[in-house]
Amino acid sequence: MKNPLFCLLTISLVFINFSCSSTDSNPEVPEDEIEIIEEEETIAEEEETEEPQEEITQSIINWENWYLSVPINNGDNKATSIFYEDIINEQLTNEESEYFYKNEDGTYTMFTRFTGFTTSGYSELGNKYCRTELREFWQGNQSTDDNWYMDEGTHILETTMNVDFVQGNGRTIVAQIHGKETEGIEGSPATVKIRWNSGTIQLDYYLKPNEGEPWTSAYDTKEDIADVENEIFTFKLKIEDGKCYYALQCEAKNIDIDYTLMYDYVGNGYAYQNYFKTGNYFGWHDDYDKTAQITLREVITDHY
């Protein structure tokens, strides 16, 4: 017969051994779980060491279809024209770069003031207006003879920008359809002007003149569309079947105006060649001090 003390000691040792096994702080992990943990750690290390990819910045405009006018004396007392090679190669002079320059995010600043140097020649105070503005060469032919007719095809401009500030009277023209001297027709009308007027987008467009008279501002009409203030907006112009339509989007102001008829030009006898313009055509000429500035974000044209 076994000693009762011996039996009690044996039971105690078994109990102690069982307790230690059940409270082990490093329990054995199944092999498949070990593989998963190692894989997750490897992915995390790769994510930490992975080089950030370079962002590809696309051009906001097809520069071959435009030239830029800035209010600097070109040597002949007219505004200076800057062509696409100098823009895409960033070869503007220091003086030119005061009026037009590329920002780090790929947008362009278009600054202007009255200097007296206009596209048609030198102007005294209170006469003409100055601009930092793009003029279209619709087929990229680098010639002011590269224009389109309203009775042929469809023609679209979409310009996206925001107005940073406009001093003076608070007015600058941000887009145009401009007529050009055309054989057999008098004048070169600024047919459609889209104006930023103290935060309001305003249409200013010519109507049919009296019989025998040219298309001029004597027959224009103005219409306020919406307030965009200094927010980013996209304004669209479309000529289709001889009729002019406009559209306006401004996400920050919840504005989404689809194409709306402005005027039937061909139906009213309009027959000029035309081209689009966009930029900062400052409506101020009372001094040399007031300035205006916009940020151009994207320009799209389509002709078909």
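Residues in the stretch 223-279 that are within 16 Å of TYR206 (Cα to Cα) and among the small types (Gly, Ala, Ser): GLY242, GLY267, GLY269, ALA271.
Scanning the stretch 105-128 for residues that are of a type in the set (S, T, N, Q), out of contact with any Asp or Glu (no Cβ under 9 Å at 6 or more places or on another chain) and either free of Cβ contacts under 8 Å to residues at least 40 places away in the same chain or open to solvent by less than 50 Å² (accessible area, probe 1.4 Å) (or both) returns THR115, THR118, SER123.
Among the residues of the stretch 186-201, those identified as in contact with a Phe, Trp or Tyr (Cβ under 6 Å, 6 or more places away or on another chain) and either open to solvent by 40 Å² or more (accessible area, probe 1.4 Å) or under 16 Å from PHE235 (Cα atoms) (or both) are VAL192, ILE194. The criterion of being surrounded by 18 or more Cβ atoms within 10 Å (Cβ to Cβ) and within 22 Å of HIS285 (Cα to Cα) does not hold for HIS155. Among the criteria (1) over 19 Å from TYR270 (Cβ atoms); (2) surrounded by fewer than 23 Cβ atoms within 10 Å (Cβ to Cβ); (3) in contact with a strand residue (DSSP E or B) (Cβ under 7 Å, 6 or more places away or on another chain), the one HIS178 does not fulfil is (1).
Could you please let me know if SER81 is of a type in the set (Gly, Ala, Ser), open to solvent by 10 Å² or more (accessible area, probe 1.4 Å), free of Cβ contacts under 8 Å to residues at least 40 places away in the same chain and touching a Leu at 6+ places or on another chain (Cβ under 9 Å)? For SER81, the condition - of a type in the set (Gly, Ala, Ser), open to solvent by 10 Å² or more (accessible area, probe 1.4 Å), free of Cβ contacts under 8 Å to residues at least 40 places away in the same chain and touching a Leu at 6+ places or on another chain (Cβ under 9 Å) - is met. For the stretch 129-140, enumerate the residues that are within 19 Å of VAL299 (Cα to Cα) and surrounded by 16 or more Cβ atoms within 10 Å (Cβ to Cβ). Of everything in the stretch 129-140, those that are within 19 Å of VAL299 (Cα to Cα) and surrounded by 16 or more Cβ atoms within 10 Å (Cβ to Cβ) turn out to be ARG131, THR132, GLU133, LEU134, ARG135, GLU136, PHE137, TRP138. Here THR160 meets each of (1) buried (at least 19 other Cβ atoms within 10 Å of the Cβ); (2) at positive phi with one exception, condition (2). If you go through the stretch 84-104, how many residues are touching a residue at least 12 places away in the same chain (Cβ under 8 Å) and within 20 Å of the chain's Cα centre (by Cα)? Counting residues in the stretch 84-104 that are touching a residue at least 12 places away in the same chain (Cβ under 8 Å) and within 20 Å of the chain's Cα centre (by Cα) gives 9.
The values are calculated or read from the model by the stated rules, or taken from the named source; none is laboratory data. Remember, predicted model here, so these are calculated numbers, not experimental data. Don't worry about glycine lacking a Cβ; one is built from the backbone with ideal geometry, like all the others, and counts go over all protein chains shown. Accessible surface is based on the protein model in full, side chains and every heavy atom, while ligands, DNA and RNA are left aside. Shrake-Rupley method; radii C 1.70, N 1.55, O 1.52, S 1.80 Å.
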